[in-house]
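The values are calculated or read from the model by the stated rules, or taken from the named source; none is laboratory data. Predicted, not measured: the structure shown is a model, and the values here were computed from it.
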Amino acid sequence: MAQGLIEVERKFVPGPGTEERLQELGGTLEHRVTFRDSYYDTPELSLMRADYWLRQREGSGWELKCPGAASVSGPHTEYTELTAEPSIVVQLCEVLGAVVPGAGGVAAVLGPLGLQLVASFVTKRSAWKLVLSGADGEERLLRVDLDTADFGYAVGEVEALVDKEAEVPAALEKIHHLSSLLGVLAQEKAPAKLIVYLQRFRPQDYQRLLEVYGSKEQP
C-alpha cells in the first residue's frame, strides 16, 4: 500500500466546558470552519465492511482511511490516511478486486467501481492544537476537533499524526493523558458522525456494519 501518515485518534463526548478546559491547558484555537463531507461505497458497503472509508471533503478533496496495525487495544482507532488521488485509486482497486484503470482521479473511477454516495452532511468544527509533554520529556503536538453535525450530533476527537508504527504507543499515551485532563472517562467511546448518521437515516446499512464490527469503534 502507498505510504501515508498514520492517524491515531480517540473520540469523546464534549461537554459545555471543553473549550475553556482546552484554553486552561494552553490550547490554541486554530479556526472555526463549516464543511460538507460526502462518503462513498458500494451498495453492499464493501469498503466500510473491510474498514476502508472513502470521503470527499468540501474544499479539501478526497481521503481514504485505511486500517492500521491495531497493535494496541483500547478506545481509540488507528488509520493510515491517503490523500493523493493516484494512491487512493490503486488502493480502492486492490480492496475491491478491480483492475487499476488508466489515468484519472477518484471521481473517474466511482462509476466503474460501483461506488455511490452513502452519506453527506455538514459539520461545524472548532479546531484546537496544543503541545503535551510526556513523562520522558518528549513533546508531541495534539489536535482536538470539536464537531457538531447538521443532524444534531456532537463529538470531539483527540488526534496525533505519526510517520511510523513505532511512534504509535507514545502518541497513544499522550492522547489518553489529554483525554483524562479533559475529563473523559478511561473507557468512554463515542461513535463517529458517519456511524450515527447511518444509524439514524440508513438503518439497514448501519445493521450491515454492526454485523461486522459489533461494538468496535469505527472512524
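Here are a few things to note about the model shown:
- Of the residues LEU29, LEU54, LEU117, LEU45, the single one that is at pLDDT 95 or above and under 15 Å from the mean Cα position of the chain (by Cα) is LEU54.
- Taken over the range 66-114, residues that are closer than 25 Å to ALA186 by Cα and modelled with pLDDT of 90 or more amount to 0.
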